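The values are calculated or read from the model by the stated rules, or taken from the named source; none is laboratory data. Owing to the predicted nature of the structure, the values given are computational and were not obtained by experimental measurement. Positions of Cβ are backbone-derived with ideal geometry, glycine not excepted, and every protein chain shown enters the neighbour counts.
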Amino acid sequence: MSRLLVERAMNDPGQRHWTETKERGNYWAMRILVAVYRVGGRLLLKPLVTLVVLYFFITRPSVRRHSAAYLRRVLGRPPRWRDLWRHQLSFGLALVDRLGAWMGRIRRTDVAFDGHQTMLDLQARSTGAVLLGAHLGNLEMCRAVVTNDGSMKLNVILHNRNTENFNRLIQNVSGQSGIRLIQVDDITPVTAMQLRAKLDQGEFLILLADRLPPGNTGRFIRHPVLGDDVRLPMGPFWLSLMLGAPVYFMAGFATNRGHRAVLEPLYDGGKVARRDRDRVSRELVSSYVHYLERYCRRYPFQWFNFYDYWEDDLPLAPASTDRFSTNPLHQKRSSDE
């Protein structure tokens, strides 16, 4: 059963969008892992997860290929077999730590986080902030830092397609009430007003900004990441500017000294004039990628996009322009999609 859970992120997506992975069985697989964790903790669960990762390492050549494509870029050399194994094992160990965070086993004192006071200050001023994350490191460590003590409220914005089992699991496993999942398929003016109200109450919004969302692959900007262009979603960046709140890059990592969370400023907040929206949006994307690359290089084995992120497998085609609209509420797919 634990194999099903790992498959969620390491399933072979060769010719498919990254979201097209199997969901059936993931909930009960996670429940079993939770039971194992409760009985034996990390010490018992780590060997089990290691065996599952080994299975995928051996049987999924596409996972190794996509891992190698990333490692070649971030390490600046062809990756060795041990690099590929370490990369994929890091994913499995991050899963173990994620369970610990959900179950309250990772506490505030377990995670070094210099940005904690910054978030407390934003909350005290009823400002809140937008926190842009990535599939880099372990954002659940950040969740543990700011919610396990009940001092802050986080709202995680996810797409309906990806939240059902996750939401169900959080409700049944986690004893924390400070984290809330907001399921969205589209950002409408009403949605924006609701999110703005949460910020005005000193709450925080978390969005992942390193992958195109399901069903909305027509709105993107091309930007170099680790030397080669990728398609990044414009939604999180437009939404951040539309809300006018401070924006930060946030991530959590496992280090030799324990867990660490980082909070890096991207935008101070405030309204952006329509004529400046394109320019500021691109600057925000560049700032986000700057920190994404910095922490990829600092923690190179904690990048968990096991699919054709740089579209290396696609046939070469003439470079296309960004599908970039000055209207932050524009969510329609391009007519040629």
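Below are the figures for this structure:
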{"quantity": "Those residues of segment 53-67 which are of a type outside the set (D, E, K, R) and either surrounded by fewer than 18 Cβ atoms within 10 Å (Cβ to Cβ) or not in a helix (DSSP H, G or I) (or both), in sequence order", "calculated": "Leu54, Tyr55, Ile58, Thr59, Pro61, Ser62"}
{"quantity": "Filtered residue count, segment 183-208, keeping only those that are touching a residue at least 60 places away in the same chain (Cβ under 8 Å), small (Gly, Ala, Ser) and surrounded by fewer than 16 Cβ atoms within 10 Å (Cβ to Cβ)", "calculated": "1"}
{"quantity": "Single match in Gly100, Gly133, Gly137 (criterion: small (Gly, Ala, Ser), closer than 14 Å to Gly258 by Cβ and touching a strand residue (DSSP E or B) at 6+ places or on another chain (Cβ under 8 Å))", "calculated": "Gly137"}
{"quantity": "Test: residue in segment 184-197 that is at pLDDT 70 or above and touching a His at 6+ places or on another chain (Cβ under 7 Å)", "calculated": "yes"}
{"quantity": "Qualifying residues in segment 237-258 (those that are surrounded by 23 or more Cβ atoms within 10 Å (Cβ to Cβ) and not hydrophobic (A, V, I, L, M, F, W, C)) - the one nearest to Ile187 (Cα to Cα)", "calculated": "Ser240"}
{"quantity": "Among (1) closer than 30 Å to Leu314 by Cα; (2) at pLDDT 90 or above; (3) surrounded by fewer than 20 Cβ atoms within 10 Å (Cβ to Cβ), the one test that Thr50 misses", "calculated": "(1)"}
{"quantity": "Matching residues, segment 1-47, being more than 16 Å from Asn305 (Cα to Cα), part of a helix (DSSP H, G or I), modelled with pLDDT under 80 and among the small types (Gly, Ala, Ser)", "calculated": "Ser2, Ala29"}
{"quantity": "Candidate set from segment 240-263 (those that are within 23 Å of Phe304 (Cβ to Cβ), of a type outside the set (S, T, N, Q) and more than 15 Å from the chain's Cα centre (by Cα)); member that is modelled with the highest pLDDT", "calculated": "Val247"}
